[in-house]
Amino acid sequence: MPNRNEKILVVGACGQIGVELTLQLRKMYGEAAVIASDLREEHPLLKGSGPYISLDIMNKETLHVLVLRYNITQVYLLAAILSATGEKNPLLAWHINMQSLLNVLDVAKEENLHKVYWPSSIAGELWCDYYYRRYNVDIRSMRYPGLISYKSQPGGGTTDYAIEIFHDAINKKTYNSFLKEDTYLPMMYMPDAIRATID
């Protein structure tokens, strides 16, 4: 049974994982206990389900104020530039992905947050390990395979073609794959990913 005293901030709540994760967390902890945030306009599925705040995770001061104002105890950091999009501008992807993580880690350290959840990359894992060993920040990191979902659009990951196939089949009646016939990539259904993240 989840601790009802937890106050959770989901950063990147309007993304492919964020929408479904936010909705599930609100079922578990209550609507008011889970603050959804993103730079984008609030996703239609989140409207009316609980509080929503526009947040630029690159602004550490704003993040810190939000954590204090809402007595946040856990942060799910889902804001990122994904692999396929990041290939087009690797320096921007590195800056946004690493600086957003460092901003959350610093606030977690300063405010003794209970937990930080973050989809992984190898460079970030080393930072997370450092913050755990040096400052005792409890960080949970997950490496997702390609995620198959339908409630929100994918966000520029390597395996987004798996979802584009279905959308194009319905809307355009055709799909041209850029992959070879014998290509294999790991995939996971979104509800299974959400369950693994929360459990």
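The values are calculated or read from the model by the stated rules, or taken from the named source; none is laboratory data. For clarity, every value in this text was computed on a predicted model and none was experimentally measured. FYI the Cβ positions are ideal-geometry reconstructions off the backbone, even for glycines, and counts take in every protein chain you see. All accessible areas refer to the heavy atoms of the entire protein, side chains included, with ligands and DNA or RNA removed. Shrake-Rupley method; radii C 1.70, N 1.55, O 1.52, S 1.80 Å.
With both bridge residues required to lie in the chain, what share of the DSSP beta bridges run antiparallel, to the nearest 5%? Display every interim value, and only then the final one.
Numbers: 0 of 21 bridges.
Close to 0 percent.
Treat each spin label as a single point 7 Å out from the Cα along the C-beta direction, and report the S141 to K173 distance in nm.
Reported label-point gap for S141 and K173 is 4.8 nm.
Using the structure shown, list the pairs from K7/K27; K7/K115; K88/K109 with a Cα-Cα distance above 21 Å, or answer none. Spell out each step's value before the answer.
Numbers: K7/K27 13 Å; K7/K115 11 Å; K88/K109 33 Å.
Where the Cα-Cα span goes over 21 Å, the pairs concerned are K88/K109.
When ligands, DNA and RNA are left out and all protein chains stay put, how many square angstrom of accessible area per residue does segment 27-182 have with a 1.4 Å probe? Present the calculation step by step, with values, prior to reporting the outcome.
Details: 9220 Å² over 156 residues.
For segment 27-182, the solvent-accessible area averages 59 Å² per residue.
Quick one: net charge of R195's neighbours, Cβ under 13 Å, K/R +1, D/E -1?
Details: positive: K27; negative: E20, D192, D199.
Neighbour charge sum, excluding R195 itself: -2.
In terms of modelled amide H atoms, which long-range or inter-chain residues lie less than 5 Å from the amide H of Y76?
Here the answer is L9, V10, V11, Y117, since their amide H atoms fall under 5 Å of that of Y76.
Along segment 58-72, what does the Karplus equation 6.51 cos²θ - 1.76 cosθ + 1.60 (θ = phi - 60°) give for ³J(HN,Hα), rounded to whole Hz, x for Gly and Pro?
Using θ = phi - 60°, the values come out as 6, 9, 5, 5, 5, 4, 4, 4, 4, 4, 5, 4, 9, 6, 5 Hz.
Can you give the Kirkwood hydrodynamic radius of segment 1-84 from its Cα pairs, in Å with one decimal?
On the way: mean 1/r = 0.0784 Å⁻¹.
In segment 1-84 this quantity evaluates to 12.8 Å.
When the helices in the chain are scored as -39500 (n - 2.57) per DSSP H run of 4 or longer and the sum is shared across all residues, what 222 nm value do you end up with, to the nearest 500 deg cm²/dmol?
On the way: 7 runs with 84 residues, N = 199.
Calculated at 222 nm, the ellipticity per residue is -13000 deg cm²/dmol.
Using 5 Å bins from zero, what percent of all Cα-Cα pairs in the chain falls into each bin?
1, 7, 15, 19, 20, 17, 10, 5, 3, 2, 0
Rounded to whole Hz and in sequence order, give me ³J(HN,Hα) for segment 174-191 from the Karplus expression 6.51 cos²θ - 1.76 cosθ + 1.60, θ = phi - 60°, writing x for Gly and Pro.
Once rounded to whole Hz, the list reads 7, 8, 9, 7, 8, 9, 6, 4, 9, 6, 10, 9, x, 9, 8, 6, 3, x.
Near K173, which aspartates and glutamates are there with a Cα under 19 Å away, not counting those fewer than 8 places off in the same chain?
Candidates past the 8-residue exclusion: D160, E164.
What distance in nm separates the simple spin-label points at K27 and D182, each placed 7 Å from Cα in the Cβ direction?
Between K27 and D182, the simple spin-label model gives 4.2 nm.
Report, in debye and to the nearest 20, how large the dipole of segment 93-144 comes out about its Cα centre when Lys and Arg carry +1 and Asp and Glu carry -1 on their Cβ.
Details: 6 positive and 6 negative charges, 30 e Å.
Dipole magnitude for segment 93-144 comes out near 140 debye.
Nearest 20 debye, what's the magnitude of the dipole of segment 58-110 about its Cα centre given +1 on Lys and Arg Cβ and -1 on Asp and Glu Cβ? Intermediate values should be presented prior to the final figure.
Details: 4 positive and 4 negative charges, 13 e Å.
With only Lys, Arg, Asp and Glu charged at Cβ, the dipole is about 60 debye.
How large is the accessible surface of K115 in square angstrom, using a 1.4 angstrom probe and rounding to the nearest 10?
50 Å²
Quick one: 3J(HN,Hα) in Hz for segment 132-144, Karplus 6.51/-1.76/1.60 with θ = phi - 60°, rounded, Gly and Pro as x.
Values, residue by residue: 5, 5, 7, 10, 6, 7, 7, 10, 10, 10, 10, 9, 7 Hz.
At a Förster radius of 30 Å, what calculated FRET efficiency corresponds to the Cβ-Cβ distance of I165 and K47, to the nearest 0.05?
Numbers: r = 28 Å, r/R0 = 0.95.
Using R0 = 30 Å, I get an efficiency of 0.60.
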